[in-house]
Each structure stands twice: as C-alpha cells, then as structure tokens.
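Report on one structure; see the data block that follows.
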Amino acid sequence: MTAKKLDADQIRQGDVLIVRVGDAPRSKSEGRVVIAYGEVTGHSHQFMAEAKVSYLGREAGLDRYGVPATAKLLHEEHTAPAVPAGLYERPVQVEWQDSMEPRIVAD
C-alpha cells in the first residue's frame, strides 16, 4: 500500500496522518520513535533511532514530533514516505458510521 501526500504539509501512511506545523525545533533524539501501533496486526508506524526524531509531548490533544532532517516513516505493510524536517502533529483520524457516531480509524 502506498503512502499518500495530500499537500505539501500532510503525509498519510495507512490510517496515520502527520501534519507539518512549523520548523524543526532543537530537541534531544530518543532512539526509535513509534507514532502509532496497529490495533489488529501489532505493526507500528515508526521512525528508527538513526533518524534522531523526538517525541515532544502532547499539546491541545495532539502528539507532536520534531524531525531534524528528512527521515523515513516505516511500517511493515506500507511504503516508507520521506518526511521532511519540521515540527509535526498527529491528529486522531475518525470516521463516521451509519449510527452517526465517530470511531477512531484503525489499521
């Protein structure tokens, strides 16, 4: 399955969307950074340690990540898009069901 580039600041990989919201902050890298786990398969959307990506915490309900240089977002079942340097947020993806109740999108 391919990753989709929605516009210059959005990258989708399966059920995960990350949105560039600013320049890459100076931050301490943490090794491997997992941004989401697959609920069914246990696979993960992740940046490997060599990418030096940092999880910057949660702000206004959104997880934030610092990507200091272009890095590959890896997943066992999707292509690995190149994520340009920047500050990224990961909004939770929801979809509407027939009952008109939203549910979180899952891999």
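Here are a few things to note about the model shown:
- Near residue 85, the amide H atoms lying under 5 Å from its own belong to 70; only residues 5 or more places off or on other chains count, and H is placed 1.01 Å from N.
- Built amide H within the under 5 Å cut-off of residue 43, gap 5+: 38
- Relative contact order, percent, the stretch 4-104 [alpha-carbon distance under 8 Å, six or more residues apart]: 27 percent
The numbers here are math on the coordinates, done by the rules we state, and not lab data. As the structure is a prediction and not an experimental result, all values here were calculated from the model.
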